[in-house]
1. Please report the relative contact order for segment 1-87, taking Cα pairs under 8 Å with a sequence separation of at least 6, and give it as a percent rounded to a whole number.
2. Grab the Cα-Cα distance for SER101 and SER12, subtract it from 0.36 nm times how many residues apart they are, and report the gain in nm with one decimal.
3. What is the sum of charges around LEU72, taking Lys and Arg as +1, Asp and Glu as -1, for the other residues whose C-beta is under 11 Å from the C-beta of LEU72?
4. Place the peptides 68-79, 89-100 in order of packing, highest mean first, counting for every residue the other Cβ atoms within 10 Å and averaging per peptide.
5. Work out, step by step, the length gained on full extension between LEU38 and ASP94: first 0.36 nm times the residue separation, then minus their alpha carbon distance; give nm to one decimal.
6. Tell me the relative contact order for segment 39-113 as a rounded percent, counting alpha carbon contacts under 8 Å between residues six or more apart.
7. Can you check what the Kirkwood hydrodynamic radius comes to for segment 19-66, Cα pairs only, in Å to one decimal?
8. Per 10 Å bin from zero, what fraction in whole % of the C-alpha pairs of segment 6-112 is there, up to the bin with the longest pair?
Amino acid sequence: MRIPFTVTHTRSDRGRADVLSPAGEIDHEARPALERTLDALSRPVGQVHLDMARVTFMDSAGLHFLARLELLVDLDGGRLRVTGLGAQPSRVVDLARTLPSLPDLLVSAECVR
């Protein structure tokens, strides 16, 4: 049974950090929720903590989200911390880094697997 995709977006550290907690499968069906999440980030983007612990599957939609999130954070001089990246999403990120178009995916982020 497929778990419905959700993203919880909260503020922590006295309102200075956005905490994003996606849950379920990050695929094409999740893209509208991911776009809304990016649109809802505090501006300028400062600290972002992306907790991927409840993500059960990720495909190119997840890569697109990660690349856009990293770009937004970098453009505003912020800091991205990614935690809980499970086995399957980690493999997708590692494979994406072998592509000429995504060699630097999550290079500027602090990743804790």
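1. Values: 151 pairs, mean separation 26.6, N = 87.
Relative contact order for segment 1-87 comes out at 31 percent.
2. Extending this stretch completely gives an extra 28.7 nm.
3. Numbers: positive: ARG43, ARG68; negative: ASP18, ASP39, GLU70, ASP74, ASP76.
It works out to a net charge of -3.
4. Values: 68-79: 16.1, 89-100: 13.7.
With the highest mean Cβ count within 10 Å placed first, the list reads 68-79, 89-100.
5. Working it through step by step, the gained length comes to 17.9 nm.
6. Numbers: 98 pairs, mean separation 29.0, N = 75.
Relative contact order here is 39 percent.
7. Details: mean 1/r = 0.0897 Å⁻¹.
About 11.2 Å, per the Kirkwood formula over Cα pairs.
8. Per 10 Å bin, starting at zero, the Cα-Cα P(r) for segment 6-112 comes out as 15, 53, 30, 2 percent.
All of the numbers you see were taken from the coordinates with simple rules; none came from a lab. Because the structure is predicted, anything quoted here is derived from the model rather than measured. In this analysis, Cβ positions are derived from the backbone assuming ideal geometry, glycine residues included, and neighbour counts consider all displayed protein chains.
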